[in-house]
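*Asks:* Dropping a structure here in structure tokens format, bear with me for questions.
The values are calculated or read from the model by the stated rules, or taken from the named source; none is laboratory data. Since the structure is predicted, the reported quantities are computational estimates derived from the model, not experimental observations. Note that we place each Cβ from the backbone using ideal geometry, even for glycine, and neighbour counts take in every protein chain shown. Each accessible area value is taken on the protein alone, full model and side chains, heavy atoms only, with ligands, DNA and RNA left out. Shrake-Rupley method; radii C 1.70, N 1.55, O 1.52, S 1.80 Å.
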Amino acid sequence: MNFSGTLRINKFACFILVFILFLIVYWRTGAAEFPSDKSDLVNLKSLLKAAIQAAERGGKKVKQGKDHELNVKSKGETLEGANDPVTDADYASHCAMYYALKNTFSKLTIVSEEHSKDDSTCADQPVIDVEESVPNHESIESMNDEHVYAKDVTIWIDPLDATQEYTGMGVPIIGVIHYPFTPRTFWGWYTKKPSANILNVEYNEENKHHPKVVVSRSHPGKVAELSKQAFGSKTTVATAAGAGYKVMGVVNGTYDVYLHATAIKKWDLCAGDAIIKTVNGRMTTTKGDIVDYSPDGNVKVSHGILVTRFDHDYYLSKMTKEAKP
Ligand SMILES: *[C@@H]1O[C@H](CO)[C@@H](O)[C@H](O)[C@H]1NC(C)=O
């Protein structure tokens with residue numbers, strides 16, 4: 001990344017935790033000198049390490065909550081009138097992530113819909129040790145430090161439905177996706193590298209002639225038809241839930257194409273966008289535009305999404321020529 005330009009550079013990182021998102025926004029202007037007081041700076045590398053650990057802590061809370069819920073259900077107890085364990089789990093998860101980051105980076109602005117006010121019941125979260133390497137993510141240690149002004153960084157933590165809170169600018173740079181139930185965390189830092197658990201995929205030109213396409217579970221029929229129309233009759237179509245999950249399927253080579261033909265929220269896309277770009281793949285609308293995460297823009301992409309690791313232009317040309325979503 002180049003910090004010496006005169007253009008206003010806007011970047012953000014986003015973190016998906018099932019239905020929870022972190023959005024880290026930072027921007028800087030001009031070629032200013034860094035202040036001599038180091039405490040005014042934040043190291044993005046430390047922030048990545050902290051975000052992974054915060055997501056994993058949050059994931060544990062979600063998982064505990066679900067286990068508890070199953071327990072309650074299996075005992076045949078009614079959930080009516082009782083605290084909703086899912087809500088409690090969501091809350092505990094938010095709280096753990098919010099205060100873990102807040103206590104670790106006191107100068108960062110962290111915006112969370114659920115925890116914008118002080119909440120003494122859960123504020124006592126242990127600080128994340130950003131000097132220690134993160135288990136399974138030791139590969140971060142070899143990366144360079146990257147310091148930006150703390151005042152220019154905003155971390156957003158929000159549930160998926162809080163789209164009105166969505167403000168951010170520019171292109172996603174760091175994406176983190178955490179799966180709480182089979183605990184694994186994947187990340188990508190665009191222009192740097194992906195997490196070590198993201199394996200290299202060999203390019204095979206043959207795949208163009210019989211691509212494996214993954215589509216949403218919600219209206220598979222129409223997109224399946226569209227895929228075959230666009231990419232040929234040898235196309236195979238699978239369905240899966242979750243945009244982040246489908247992007248990861250393209251990232252790991254299980255699928256050649258992720259096609260989404262209807263409107264989709266940008267929240268669902270940004271972490272995957274950063275990760276697919278990190279492995280030199282691409283995410284565009286079905287018309288070939290990159291997704292713009294500008295604050296005043298629509299929170300939805302209305303023309304669908306095309307995600308590939310290879311041959312993006314080829315698939316795009318097929319889309320625009322053969323089929324109109
Ligand atoms: C690849 O990604 C898909 C979808 O996210 C997942 O089901 C599968 O287990 C992954 N495979 C490997 C080898 O990681």
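*Asks:* Is there a residue in region 209-217 that is open to solvent by 70 Å² or more (accessible area, probe 1.4 Å), in contact with a Ser or Thr (Cβ under 8 Å, 6 or more places away or on another chain) and either among the small types (G, A, S) or over 30 Å from N136 (Cβ atoms) (or both)?
*Replies:* Within region 209-217 (the criterion being open to solvent by 70 Å² or more (accessible area, probe 1.4 Å), in contact with a Ser or Thr (Cβ under 8 Å, 6 or more places away or on another chain) and either among the small types (G, A, S) or over 30 Å from N136 (Cβ atoms) (or both)), the answer is yes, since at least one residue qualifies.
*Asks:* Restricting attention to region 170-202, report how many residues are more than 16 Å from the ligand (Cβ to nearest atom), crowded, with 21+ Cβ neighbours inside 10 Å and closer than 18 Å to R309 by Cβ. Write out each step before concluding.
*Replies:* Initial filter on region 170-202 (more than 16 Å from the ligand (Cβ to nearest atom)): 170-174, 189-193.
Keeping just the survivors that are crowded, with 21+ Cβ neighbours inside 10 Å gives 172-174, 189-190.
Within this subset, residues satisfying the condition of being closer than 18 Å to R309 by Cβ are 172, 189-190.
Of the residues in that region, 3 qualify.
*Asks:* Starting from residues that are more than 9 Å from the ligand (Cβ to nearest atom) and polar (S, T, N, Q), keep the ones in region 226-275 and report whichever is surrounded by the fewest Cβ atoms within 10 Å (Cβ to Cβ).
*Replies:* Residues of region 226-275 that are more than 9 Å from the ligand (Cβ to nearest atom), as a first pass: 226-239, 241, 243, 256-275.
Checking the rest, the ones that are also polar (S, T, N, Q) come to 227, 229, 233, 235-236, 239, 262.
Numbers: S227: 26, Q229: 15, S233: 7, T235: 21, T236: 15, T239: 16, T262: 16.
Filtering region 226-275 for residues that are more than 9 Å from the ligand (Cβ to nearest atom) and polar (S, T, N, Q), the one surrounded by the fewest Cβ atoms within 10 Å (Cβ to Cβ) comes out as S233.
*Asks:* Take V237 and tell me if it is within 23 Å of V201 (Cβ to Cβ) and assigned to a strand (DSSP E or B).
*Replies:* Answer is yes for this residue.
*Asks:* Something else about it: Do we have Y315 as of a type in the set (F, W, Y), closer than 21 Å to H209 by Cα and within 18 Å of the chain's Cα centre (by Cα) here?
*Replies:* Details: of a type in the set (F, W, Y): yes; closer than 21 Å to H209 by Cα: yes; within 18 Å of the chain's Cα centre (by Cα): no.
So Y315 does not fit the description; no.
*Asks:* Still on this structure, please answer the following. Pairs under 6 Å by beta carbon, first residue in the same structural domain as S317 (by TED's automatic domain parsing) and at positive phi in region 247-262, partner within 13 Å of the ligand (Cβ to nearest atom) and open to solvent by 10 Å² or more (accessible area, probe 1.4 Å), six or more apart or different chains?
*Replies:* Close Cβ pairs satisfying both conditions: G253/V201.
*Asks:* For K222, are the conditions met, namely being away from the ligand (no atom under 15 Å from the Cβ), modelled with pLDDT under 95 and open to solvent by 10 Å² or more (accessible area, probe 1.4 Å)? Break it down stepwise before answering.
*Replies:* Values: away from the ligand (no atom under 15 Å from the Cβ): yes; modelled with pLDDT under 95: yes; open to solvent by 10 Å² or more (accessible area, probe 1.4 Å): yes.
So K222 fits the description; yes.
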